[in-house]
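Structure record follows, encoded as C-alpha coordinates.
The values are calculated or read from the model by the stated rules, or taken from the named source; none is laboratory data. What you are looking at is a predicted structure, and each value in this text was computed from that prediction instead of being measured. Here the Cβ is made from the backbone with ideal geometry for all residues, glycine too, and neighbour counts use every protein chain on show. To get the accessible areas, we keep the full protein, side chains included, count just its heavy atoms, and leave off ligands, DNA and RNA. Shrake-Rupley method; radii C 1.70, N 1.55, O 1.52, S 1.80 Å.
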Amino acid sequence: MVRRKSKVVSVGGVLIGGDNPVSIQSMTNTKTENVEATVKQILALEKAGCELIRCTIPTEEAAKAVREIKKQIHIPIIGDIHFDYRLAIAAIENGIDKIRINPGNIGSIERVKEVVAAAKDRNVPIRVGVNSGSLESDKIEKYGGVTAEGITESALDKVHMIEDMGYDNLVVSIKSSDVLMSIDAHKMIAEKTIHPIHVGITETGTVWSGNIKSAIGIGIILNMGIGDTIRVSLTGSPIEEIYSGRLILKTLGLRKNGATVVSCPTCGRTNIDIITLASQVEELVKDVDKDIKIAVMGCVVNGPGEAREADIGVAGGCGEGLIFSKGEILKKVPEDELLSELKKEIDRLL
(Lines give C-alpha, C1' and ligand atoms only; values in the text may rest on other atoms or scores of the structure.)
Protein backbone atom coordinates (compact mmCIF):
# COMPACT_ATOMS: atom_id res chain seq x y z
CA MET A 1 0.00 0.00 0.00
CA VAL A 2 1.26 3.46 -0.92
CA ARG A 3 -0.72 6.17 0.82
CA ARG A 4 -1.88 9.13 -1.20
CA LYS A 5 -0.04 12.28 -0.19
CA SER A 6 -2.35 15.01 1.02
CA LYS A 7 -1.81 18.28 2.80
CA VAL A 8 -1.99 18.19 6.61
CA VAL A 9 -4.86 19.67 8.59
CA SER A 10 -4.74 20.11 12.37
CA VAL A 11 -8.00 19.45 14.19
CA GLY A 12 -7.49 20.53 17.78
CA GLY A 13 -3.95 19.17 17.65
CA VAL A 14 -4.82 15.89 15.89
CA LEU A 15 -3.08 15.93 12.52
CA ILE A 16 -5.03 14.59 9.55
CA GLY A 17 -3.33 13.85 6.24
CA GLY A 18 0.25 13.58 5.09
CA ASP A 19 2.06 10.69 6.74
CA ASN A 20 0.03 10.93 9.95
CA PRO A 21 -1.86 7.84 11.16
CA VAL A 22 -5.41 7.40 9.88
CA SER A 23 -7.52 8.72 12.75
CA ILE A 24 -10.72 7.12 14.04
CA GLN A 25 -13.79 9.18 14.79
CA SER A 26 -17.39 8.71 15.79
CA MET A 27 -20.46 10.82 16.50
CA THR A 28 -22.39 11.17 19.73
CA ASN A 29 -26.07 10.21 19.77
CA THR A 30 -26.90 12.25 22.86
CA LYS A 31 -28.57 15.65 22.84
CA THR A 32 -25.57 17.97 22.69
CA GLU A 33 -27.41 20.42 24.93
CA ASN A 34 -27.24 17.77 27.65
CA VAL A 35 -23.64 18.39 28.65
CA GLU A 36 -23.50 15.67 31.30
CA ALA A 37 -24.78 12.89 29.01
CA THR A 38 -22.65 14.04 26.09
CA VAL A 39 -19.46 14.22 28.16
CA LYS A 40 -20.16 10.78 29.64
CA GLN A 41 -20.50 9.25 26.19
CA ILE A 42 -17.40 11.01 24.84
CA LEU A 43 -15.28 9.80 27.76
CA ALA A 44 -16.43 6.23 27.08
CA LEU A 45 -15.56 6.68 23.41
CA GLU A 46 -12.12 8.01 24.35
CA LYS A 47 -11.50 4.86 26.39
CA ALA A 48 -12.45 2.73 23.38
CA GLY A 49 -9.94 4.57 21.19
CA CYS A 50 -11.88 7.44 19.62
CA GLU A 51 -9.56 10.25 18.49
CA LEU A 52 -12.06 12.78 17.12
CA ILE A 53 -15.69 13.21 18.13
CA ARG A 54 -18.49 14.88 16.20
CA CYS A 55 -21.60 16.32 17.83
CA THR A 56 -24.71 17.65 16.18
CA ILE A 57 -25.33 21.40 16.58
CA PRO A 58 -29.04 21.84 15.82
CA THR A 59 -29.72 24.69 18.28
CA GLU A 60 -28.12 27.75 19.83
CA GLU A 61 -28.03 25.87 23.15
CA ALA A 62 -26.05 23.06 21.55
CA ALA A 63 -23.52 25.55 20.19
CA LYS A 64 -23.12 27.10 23.63
CA ALA A 65 -22.73 23.66 25.22
CA VAL A 66 -19.55 23.09 23.19
CA ARG A 67 -17.57 25.39 25.49
CA GLU A 68 -18.45 23.39 28.61
CA ILE A 69 -18.09 20.00 26.92
CA LYS A 70 -14.55 20.87 25.81
CA LYS A 71 -13.51 21.51 29.40
CA GLN A 72 -14.31 17.91 30.36
CA ILE A 73 -13.03 15.83 27.44
CA HIS A 74 -9.59 15.13 25.99
CA ILE A 75 -10.15 14.83 22.23
CA PRO A 76 -11.08 17.43 19.59
CA ILE A 77 -14.76 18.08 18.97
CA ILE A 78 -16.35 18.58 15.55
CA GLY A 79 -19.61 20.42 15.03
CA ASP A 80 -22.13 18.93 12.59
CA ILE A 81 -24.10 21.77 11.02
CA HIS A 82 -27.04 21.68 8.64
CA PHE A 83 -29.27 24.43 7.25
CA ASP A 84 -28.61 27.29 9.72
CA TYR A 85 -25.33 29.07 8.99
CA ARG A 86 -25.64 31.02 12.26
CA LEU A 87 -25.18 27.79 14.23
CA ALA A 88 -21.89 27.15 12.44
CA ILE A 89 -20.68 30.61 13.44
CA ALA A 90 -21.91 30.12 17.02
CA ALA A 91 -20.13 26.76 17.29
CA ILE A 92 -16.90 28.37 16.06
CA GLU A 93 -17.27 31.20 18.58
CA ASN A 94 -17.71 28.63 21.35
CA GLY A 95 -14.46 26.84 20.55
CA ILE A 96 -15.37 24.03 18.17
CA ASP A 97 -12.24 22.39 16.71
CA LYS A 98 -13.72 21.71 13.26
CA ILE A 99 -17.06 22.10 11.54
CA ARG A 100 -18.79 19.86 9.08
CA ILE A 101 -21.02 21.61 6.57
CA ASN A 102 -22.63 20.99 3.21
CA PRO A 103 -22.58 24.44 1.55
CA GLY A 104 -25.51 23.27 -0.55
CA ASN A 105 -27.88 23.29 2.43
CA ILE A 106 -26.43 26.29 4.29
CA GLY A 107 -28.16 28.73 1.97
CA SER A 108 -26.86 31.57 -0.14
CA ILE A 109 -23.26 32.22 -1.13
CA GLU A 110 -23.24 35.17 1.27
CA ARG A 111 -24.12 32.91 4.18
CA VAL A 112 -21.39 30.45 3.24
CA LYS A 113 -18.96 33.39 3.09
CA GLU A 114 -19.90 34.36 6.65
CA VAL A 115 -19.20 30.84 7.90
CA VAL A 116 -15.90 30.69 6.04
CA ALA A 117 -14.89 34.11 7.40
CA ALA A 118 -15.57 32.94 10.97
CA ALA A 119 -13.60 29.73 10.42
CA LYS A 120 -10.74 31.63 8.80
CA ASP A 121 -10.59 34.10 11.68
CA ARG A 122 -9.91 31.23 14.14
CA ASN A 123 -8.24 28.82 11.70
CA VAL A 124 -10.96 26.22 12.25
CA PRO A 125 -10.91 23.45 9.61
CA ILE A 126 -14.03 22.82 7.57
CA ARG A 127 -15.10 19.38 6.45
CA VAL A 128 -16.81 19.91 3.13
CA GLY A 129 -18.92 17.03 2.07
CA VAL A 130 -21.78 15.69 0.05
CA ASN A 131 -23.96 12.67 0.56
CA SER A 132 -25.44 10.76 -2.36
CA GLY A 133 -28.85 11.27 -0.78
CA SER A 134 -28.55 15.04 -1.05
CA LEU A 135 -27.04 15.29 -4.52
CA GLU A 136 -28.26 18.35 -6.42
CA SER A 137 -30.86 17.84 -9.13
CA ASP A 138 -28.66 19.32 -11.86
CA LYS A 139 -25.99 16.68 -11.19
CA ILE A 140 -28.62 13.93 -11.19
CA GLU A 141 -29.93 15.18 -14.53
CA LYS A 142 -26.42 15.60 -15.98
CA TYR A 143 -25.31 12.06 -15.14
CA GLY A 144 -28.65 10.29 -15.44
CA GLY A 145 -29.07 9.53 -11.74
CA VAL A 146 -26.98 9.47 -8.59
CA THR A 147 -23.50 8.44 -9.72
CA ALA A 148 -19.91 8.48 -8.51
CA GLU A 149 -19.18 11.15 -11.12
CA GLY A 150 -22.01 13.30 -9.84
CA ILE A 151 -21.11 13.21 -6.15
CA THR A 152 -17.43 13.77 -6.98
CA GLU A 153 -18.22 16.82 -9.08
CA SER A 154 -20.59 18.15 -6.43
CA ALA A 155 -17.95 17.83 -3.70
CA LEU A 156 -15.29 19.50 -5.85
CA ASP A 157 -17.67 22.36 -6.68
CA LYS A 158 -18.01 23.06 -2.96
CA VAL A 159 -14.29 22.74 -2.32
CA HIS A 160 -13.55 25.23 -5.11
CA MET A 161 -16.24 27.58 -3.81
CA ILE A 162 -14.53 27.82 -0.42
CA GLU A 163 -11.06 27.97 -1.95
CA ASP A 164 -12.25 30.91 -4.04
CA MET A 165 -13.23 32.62 -0.79
CA GLY A 166 -9.58 32.48 0.23
CA TYR A 167 -9.70 29.50 2.60
CA ASP A 168 -8.19 26.05 2.08
CA ASN A 169 -8.09 24.55 5.57
CA LEU A 170 -10.38 21.78 4.39
CA VAL A 171 -11.16 18.07 4.74
CA VAL A 172 -13.26 16.49 1.99
CA SER A 173 -15.86 13.75 2.25
CA ILE A 174 -18.09 12.01 -0.25
CA LYS A 175 -20.43 9.41 1.13
CA SER A 176 -22.91 6.95 -0.29
CA SER A 177 -24.72 3.92 1.05
CA ASP A 178 -23.74 2.21 -2.20
CA VAL A 179 -20.36 0.63 -1.43
CA LEU A 180 -19.18 0.28 -5.04
CA MET A 181 -20.24 3.84 -5.87
CA SER A 182 -18.30 5.08 -2.85
CA ILE A 183 -15.18 3.23 -3.98
CA ASP A 184 -15.38 4.70 -7.48
CA ALA A 185 -16.02 8.21 -6.17
CA HIS A 186 -13.03 8.06 -3.84
CA LYS A 187 -10.80 6.98 -6.73
CA MET A 188 -11.97 10.00 -8.70
CA ILE A 189 -11.71 12.63 -6.00
CA ALA A 190 -8.32 11.41 -4.77
CA GLU A 191 -6.86 12.36 -8.15
CA LYS A 192 -8.40 15.83 -8.17
CA THR A 193 -7.64 17.32 -4.76
CA ILE A 194 -4.78 17.42 -2.28
CA HIS A 195 -7.04 17.94 0.73
CA PRO A 196 -7.28 15.14 3.34
CA ILE A 197 -10.17 12.75 2.78
CA HIS A 198 -12.67 11.56 5.39
CA VAL A 199 -13.75 8.02 4.47
CA GLY A 200 -16.95 6.32 5.44
CA ILE A 201 -19.91 4.42 4.04
CA THR A 202 -23.13 6.10 5.09
CA GLU A 203 -26.43 4.54 6.17
CA THR A 204 -24.93 1.05 6.34
CA GLY A 205 -27.48 -0.30 8.80
CA THR A 206 -27.18 -2.29 12.01
CA VAL A 207 -23.98 -3.40 13.71
CA TRP A 208 -24.10 -6.69 11.80
CA SER A 209 -24.80 -5.46 8.26
CA GLY A 210 -23.09 -2.12 8.77
CA ASN A 211 -19.83 -3.73 9.81
CA ILE A 212 -19.73 -5.90 6.69
CA LYS A 213 -20.46 -3.01 4.31
CA SER A 214 -18.05 -0.69 6.12
CA ALA A 215 -15.26 -3.23 6.28
CA ILE A 216 -15.53 -3.86 2.55
CA GLY A 217 -15.97 -0.23 1.49
CA ILE A 218 -13.61 1.51 3.91
CA GLY A 219 -11.14 -1.37 3.67
CA ILE A 220 -10.89 -1.26 -0.13
CA ILE A 221 -10.61 2.54 -0.19
CA LEU A 222 -7.89 2.57 2.47
CA ASN A 223 -6.05 -0.27 0.75
CA MET A 224 -5.86 1.92 -2.37
CA GLY A 225 -3.94 4.40 -0.21
CA ILE A 226 -6.88 6.80 0.04
CA GLY A 227 -8.15 8.14 3.35
CA ASP A 228 -6.86 10.13 6.29
CA THR A 229 -9.63 9.76 8.86
CA ILE A 230 -12.51 7.27 9.06
CA ARG A 231 -15.88 6.80 10.66
CA VAL A 232 -17.70 3.48 10.65
CA SER A 233 -21.37 4.50 10.63
CA LEU A 234 -23.56 2.00 12.47
CA THR A 235 -27.12 1.93 13.76
CA GLY A 236 -25.98 1.09 17.27
CA SER A 237 -23.70 2.23 20.04
CA PRO A 238 -21.02 4.70 18.86
CA ILE A 239 -18.51 2.62 20.82
CA GLU A 240 -19.08 -0.24 18.36
CA GLU A 241 -17.98 2.16 15.61
CA ILE A 242 -14.64 2.66 17.34
CA TYR A 243 -13.99 -1.05 17.88
CA SER A 244 -14.82 -1.68 14.21
CA GLY A 245 -12.63 1.18 13.01
CA ARG A 246 -9.69 -0.05 15.07
CA LEU A 247 -10.04 -3.55 13.65
CA ILE A 248 -10.27 -2.31 10.05
CA LEU A 249 -7.07 -0.29 10.47
CA LYS A 250 -5.28 -3.12 12.27
CA THR A 251 -6.29 -5.67 9.64
CA LEU A 252 -4.84 -3.44 6.92
CA GLY A 253 -1.63 -2.92 8.87
CA LEU A 254 -2.36 0.79 9.36
CA ARG A 255 -2.38 0.41 13.13
CA LYS A 256 -0.30 -1.89 15.32
CA ASN A 257 -1.83 -1.33 18.73
CA GLY A 258 -4.62 -3.47 20.10
CA ALA A 259 -5.24 -7.14 20.77
CA THR A 260 -6.06 -9.55 17.94
CA VAL A 261 -8.24 -12.55 18.75
CA VAL A 262 -8.16 -15.50 16.37
CA SER A 263 -10.44 -18.47 16.84
CA CYS A 264 -11.06 -21.63 14.90
CA PRO A 265 -14.35 -22.48 13.23
CA THR A 266 -16.41 -25.03 15.12
CA CYS A 267 -16.35 -28.68 14.07
CA GLY A 268 -17.15 -32.12 15.40
CA ARG A 269 -13.81 -32.35 17.24
CA THR A 270 -14.82 -29.57 19.62
CA ASN A 271 -15.67 -30.71 23.15
CA ILE A 272 -16.00 -27.31 24.85
CA ASP A 273 -18.28 -24.32 24.24
CA ILE A 274 -15.80 -22.61 21.93
CA ILE A 275 -18.37 -20.10 20.65
CA THR A 276 -19.05 -18.68 24.12
CA LEU A 277 -15.38 -18.80 25.11
CA ALA A 278 -14.24 -16.92 22.01
CA SER A 279 -16.83 -14.20 22.62
CA GLN A 280 -15.78 -13.93 26.27
CA VAL A 281 -12.12 -13.57 25.32
CA GLU A 282 -12.93 -10.92 22.70
CA GLU A 283 -14.86 -8.97 25.32
CA LEU A 284 -12.03 -9.44 27.82
CA VAL A 285 -9.42 -7.77 25.60
CA LYS A 286 -11.43 -5.24 23.62
CA ASP A 287 -9.82 -2.30 25.43
CA VAL A 288 -6.27 -3.67 25.34
CA ASP A 289 -4.04 -1.26 23.43
CA LYS A 290 -0.93 -3.44 23.21
CA ASP A 291 -0.13 -5.46 20.11
CA ILE A 292 -0.76 -9.04 21.23
CA LYS A 293 -2.31 -12.03 19.50
CA ILE A 294 -4.63 -14.36 21.39
CA ALA A 295 -5.85 -17.70 20.01
CA VAL A 296 -8.98 -19.55 21.04
CA MET A 297 -8.85 -23.01 19.52
CA GLY A 298 -11.40 -25.78 19.72
CA CYS A 299 -9.24 -28.87 20.20
CA VAL A 300 -5.91 -29.85 21.70
CA VAL A 301 -4.89 -31.81 18.61
CA ASN A 302 -4.48 -28.84 16.29
CA GLY A 303 -4.74 -25.84 18.63
CA PRO A 304 -1.14 -25.06 19.66
CA GLY A 305 0.21 -26.09 16.25
CA GLU A 306 -2.17 -24.04 14.12
CA ALA A 307 -1.83 -21.00 16.38
CA ARG A 308 1.87 -21.28 17.19
CA GLU A 309 2.42 -17.60 16.35
CA ALA A 310 -0.07 -16.49 19.03
CA ASP A 311 1.39 -14.78 22.09
CA ILE A 312 -1.06 -16.68 24.28
CA GLY A 313 -3.85 -19.10 23.58
CA VAL A 314 -6.21 -21.77 24.78
CA ALA A 315 -7.08 -25.10 23.18
CA GLY A 316 -10.09 -27.08 24.33
CA GLY A 317 -10.09 -30.75 25.25
CA CYS A 318 -12.70 -32.99 26.84
CA GLY A 319 -13.73 -31.19 30.02
CA GLU A 320 -10.36 -29.47 30.13
CA GLY A 321 -8.02 -27.44 27.96
CA LEU A 322 -4.46 -26.29 27.38
CA ILE A 323 -3.02 -22.84 27.88
CA PHE A 324 -0.18 -22.34 25.40
CA SER A 325 2.20 -19.63 24.21
CA LYS A 326 4.01 -19.51 20.84
CA GLY A 327 3.05 -23.15 20.30
CA GLU A 328 4.47 -24.31 23.63
CA ILE A 329 2.07 -25.81 26.19
CA LEU A 330 2.15 -23.98 29.53
CA LYS A 331 -0.43 -25.91 31.55
CA LYS A 332 -3.58 -27.99 31.50
CA VAL A 333 -6.65 -26.66 33.33
CA PRO A 334 -10.31 -27.68 33.83
CA GLU A 335 -12.76 -26.26 31.29
CA ASP A 336 -14.48 -24.01 33.82
CA GLU A 337 -11.13 -22.37 34.62
CA LEU A 338 -9.97 -21.78 31.07
CA LEU A 339 -11.13 -18.15 30.89
CA SER A 340 -9.77 -17.15 34.30
CA GLU A 341 -6.42 -18.85 33.70
CA LEU A 342 -6.15 -17.30 30.25
CA LYS A 343 -6.85 -13.91 31.81
CA LYS A 344 -3.99 -14.41 34.27
CA GLU A 345 -1.58 -15.14 31.43
CA ILE A 346 -2.82 -12.16 29.40
CA ASP A 347 -2.37 -9.91 32.44
CA ARG A 348 1.14 -11.28 32.85
CA LEU A 349 1.96 -10.45 29.23
CA LEU A 350 0.61 -6.93 29.60
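The condition of being open to solvent by 30 Å² or more (accessible area, probe 1.4 Å), among the β-branched types (Val, Ile, Thr) and out of contact with any Asp or Glu (no Cβ under 6 Å at 6 or more places or on another chain) holds for only one of Ile346, Ile294, Ile239, Ile248, that being Ile239.
Within segment 219-236, the set of residues being in contact with a strand residue (DSSP E or B) (Cβ under 9 Å, 6 or more places away or on another chain) and either open to solvent by 40 Å² or more (accessible area, probe 1.4 Å) or among the polar types (S, T, N, Q) (or both) comprises Thr229, Ser233, Thr235. Taking the conditions (1) crowded, with 23+ Cβ neighbours inside 10 Å; (2) more than 27 Å from Gly258 (Cα to Cα) in turn, Thr38 satisfies each one other than (2).
Summed over segment 203-218, the residues that are open to solvent by 10 Å² or more (accessible area, probe 1.4 Å) and either part of a helix (DSSP H, G or I) or modelled with pLDDT of 95 or more (or both) give a count of 8. Within segment 53-108, if we keep just the residues that are more than 21 Å from Asn34 (Cβ to Cβ) and of a type in the set (S, T, N, Q), the residue that is modelled with the lowest pLDDT turns out to be Asn105. Every condition in (1) touching a helix residue (DSSP H, G or I) at 6+ places or on another chain (Cβ under 9 Å); (2) closer than 24 Å to Ser10 by Cα; (3) buried (at least 18 other Cβ atoms within 10 Å of the Cβ) is met by Ile183 except one, and the failing one is (2).
Contact map, segment 2-18: residues that are without any contact (Cβ under 8 Å) to a residue 12 or more places away in the chain and more than 9 Å from Pro125 (Cβ to Cβ) paired with residues that are open to solvent by less than 20 Å² (accessible area, probe 1.4 Å) and not in a loop (DSSP other than H, G, I, E, B), Cβ distance under 9 Å, separation 6+ or inter-chain. Pairs shown: Leu15/Val9; Leu15/Ser23. Checking the structure you have, find out if any residue of segment 328-339 is at pLDDT below 85, of a type outside the set (Val, Ile, Thr) and open to solvent by 70 Å² or more (accessible area, probe 1.4 Å). The answer is no; no qualifying residue exists. Selection of segment 297-327 for residues being free of Cβ contacts under 8 Å to residues at least 40 places away in the same chain, open to solvent by 10 Å² or more (accessible area, probe 1.4 Å) and hydrophobic (A, V, I, L, M, F, W, C) yields Met297, Cys299, Val300, Val301, Leu322. Taken over segment 236-256, the criterion of being touching a residue at least 40 places away in the same chain (Cβ under 8 Å), among the hydrophobic types (A, V, I, L, M, F, W, C) and outside any loop (DSSP other than H, G, I, E, B) is satisfied by Ile239, Ile242, Leu249. Pairs meeting the criteria (first residue in segment 217-235 and without any contact (Cβ under 8 Å) to a residue 12 or more places away in the chain, second residue open to solvent by less than 10 Å² (accessible area, probe 1.4 Å), beta carbons under 6 Å, at least 6 apart or on different chains) are lacking.
On the stretch given as segment 48-90, residues that are β-branched (Val, Ile, Thr) and in contact with a Pro (Cβ under 8 Å, 6 or more places away or on another chain) total 1.
In the condition set (1) within 17 Å of Asp157 (Cα to Cα); (2) under 12 Å from the mean Cα position of the chain (by Cα), Glu191 is compliant with all but (2). I'd like to know if segment 116-125 contains one or more residues that are closer than 22 Å to Ile242 by Cα and open to solvent by 10 Å² or more (accessible area, probe 1.4 Å). The answer is no, given that none of the residues of segment 116-125 is closer than 22 Å to Ile242 by Cα and open to solvent by 10 Å² or more (accessible area, probe 1.4 Å).
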